[in-house]
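Asker: I have a structure I would like to understand better, so I am pasting it below and will then ask my questions one at a time.
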Amino acid sequence: MNFASDNAGPMHPSVLDAITKANTGYEMPYGNDTIMPRVRDLVRKTFEAPEAAVYLVATGTAANALALATYTNSWDTMFAHRVSHVEEDECGAPDFYANGARITLVDGAGAKMDPDSLRHAITHTGDKGVHGVQRGPVTITQATEVGTLYSLEEIAQITAIAREYGLKTHLDGARFANACAALGCTAAEMTWNAGIDMVSFGGTKNGCAGVEAVIFFDPEKAWEFELRRKRGAHLFSKHRYLSAQMEAYLQGDLWLELGAKANANCARLVKGLETVEGADIPDRPEANMVFAHLPRAAHRRAMEAGALYYLFPFDASLEGPDDELIRCRMVCDWNKSHAEIDALIALLRG
């Protein structure tokens, strides 16, 4: 009963089969394999962007940090929500790969940037001339770190403000498929149609072994990204195994199907959590992740039986008053069975 992260789930059989098929004979290295041109075409078709520059890396941290660095000078600042993924979970990688650029934190309810707060932050950046950091790109996390979603209209608001100041916008899409499935929109509608300039399109959390696509809708920075990827030690020699994963992931819209399955599993989990005595779910989950407050006794029963998920704070003790509420995060992937979900709920209910 592992609900700690969608990273904990297995590869989809189609992805594993694709890797096995690619493991035959010889292929040219460093992205010059025969699979990558097909991947590039599939990404462009999926995003309805025939001129997009498309690259693959193995981790979401590399995708985000290298993409942002491509549009960030070392004297710039990137604008991100206070609990965005690049701020909370990248160990300073965006700052590092941008040669010391900083991140300016923006507030907003539900882990989503408030447009007025973003405008205020941008307006008061670079107003000291040479003595202050300058304005860099804006990045949003979709789905957010608390499981909420930016609507298409909210994304367009953010990108419109960025454009007013001549800034680029980046979408951190580690859970891109979950967001797209939940919103019922196309990949194009959630990105360049709404004003996004570059995307980290995640596969690792949604049925792949380890592959993320970095997509620039304007290819002007393509060569610079290639150099940054190589210099940053993220150009794979045996690139064919990245290409094989992404091709399988995109074929037949498997990415979207798996995202929808993960969301449906989370909806079942939430319905069950609502039946746990004393449970409180303050923010309604919109994708495949739920944050809930549950009695300590419920956590104790579940975890002593082997259930895995995160408590907040991480060092929260299972010893103490049974009825004290402790916050937790539970995440579902595409592979989660109804039996596993129901077993967890039964333990929590006692």
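What follows draws every value from the coordinates through simple rules; no lab data is involved. Since this is a predicted model, take the numbers as computed values, not measurements. All Cβ positions, glycine included, derive from the backbone under ideal geometry; neighbour counts span all protein chains shown.
Asker: Taking the chain as a Gaussian network, Cα atoms linked when under 10 Å apart, which of Glu319, Glu189, Glu286 shows the biggest mean-square fluctuation?
Answerer: Of Glu319, Glu189, Glu286, the Gaussian network model singles out Glu319 as fluctuating most.
Asker: Moving on to the next point. List the cysteines in the chain whose Cβ has no other cysteine Cβ under 4.7 Å from it.
Answerer: Cys91, Cys180, Cys185, Cys208, Cys328
Asker: Counting pairs of alpha carbon atoms under 8 Å apart in space and at least six apart in sequence, what relative contact order in percent does region 165-255 give?
Answerer: Here the relative contact order equals 26 percent.
Asker: Estimate the FRET efficiency between Leu325 and Cys91 by the formula 1/(1 + (r/R0)^6), using the beta-carbon distance for r and 51 Å for R0, to the nearest 0.05.
Answerer: Efficiency for this residue pair is about 0.95.
Asker: What is the order of Trp192, Trp223, fewest Cβ neighbours within 10 Å to most?
Answerer: On the way: Trp192 22, Trp223 10.
Ascending Cβ contact count within 10 Å gives the list Trp223, Trp192.
Asker: Quote the relative contact order of region 256-349 in percent (integer), defining contacts as alpha-carbon pairs under 8 Å separated by 6+ residues.
Answerer: It comes to 40 percent, rounded to a whole number.
Asker: Can I ask one more? Please state the charge dipole magnitude for region 12-253, taken about the Cα centre, from unit charges on C-beta atoms (+1 on K and R, -1 on D and E), reported in debye and rounded to the nearest 20. Mind dumping the intermediate values first?
Answerer: Details: 22 positive and 30 negative charges, 123 e Å.
Charge dipole, region 12-253, about its Cα centre: 580 debye, nearest 20.
Asker: For the chain, calculate the relative contact order in percent as a whole number, restricting contacts to Cα pairs under 8 Å that are 6 or more residues apart.
Answerer: Reported relative contact order: 23 percent.
Asker: How many percent of all Cα-Cα pairs in region 290-349 sit more than 14 Å apart?
Answerer: More than 14 Å apart: 54 percent of the Cα pairs in region 290-349.
Asker: For the chain, modelled as a GNM with alpha-carbon contacts under 10 angstrom, which of Lys112, Lys128, Lys221 fluctuates the most?
Answerer: Of Lys112, Lys128, Lys221, the most mobile in the Gaussian network model is Lys128.
Asker: Under a straight-distance cross-link criterion of Cα-Cα below 16 Å, which lysines are reachable from Lys230, leaving out those fewer than 8 residues away in the same chain?
Answerer: Straight-distance partners of Lys230: Lys221, Lys238.
Asker: In nm, to one decimal, how far is the His293 label point from the Arg349 one, both placed 7 Å along Cα→Cβ?
Answerer: Simple spin-label model gives 2.3 nm for this pair.
Asker: What do you get for Rg/Rh of the chain when both radii come from the Cα atoms and Rh is the Kirkwood radius?
Answerer: 0.99
Asker: ³J(HN,Hα) across region 233-247 via Karplus (A = 6.51, B = -1.76, C = 1.60, θ = phi - 60°), whole Hz, x for Gly/Pro?
Answerer: Working through the residues one at a time gives 6, 10, 9, 6, 5, 8, 5, 4, 6, 6, 4, 4, 4, 5, 5 Hz.
Asker: Tabulate in residue order the Karplus-calculated ³J(HN,Hα) for region 53-67, using 6.51 cos²θ - 1.76 cosθ + 1.60 with θ = phi - 60°, rounded to whole Hz; enter x for Gly and Pro.
Answerer: 8, 10, 9, 10, 9, 9, 9, x, 4, 5, 4, 5, 5, 6, 4
Asker: Please identify, among Tyr165, Tyr55, Tyr97, the residue showing maximal mean-square fluctuation in a Gaussian network model of the chain using a 10 angstrom Cα cutoff.
Answerer: Result: Tyr165 has the largest fluctuation of those listed.
Asker: List the extent of the Cα atoms of region 118-218 along each of their three principal axes, largest first, rounded to whole Å.
Answerer: Reported extents, whole Å, longest axis first: 47, 29, 28.
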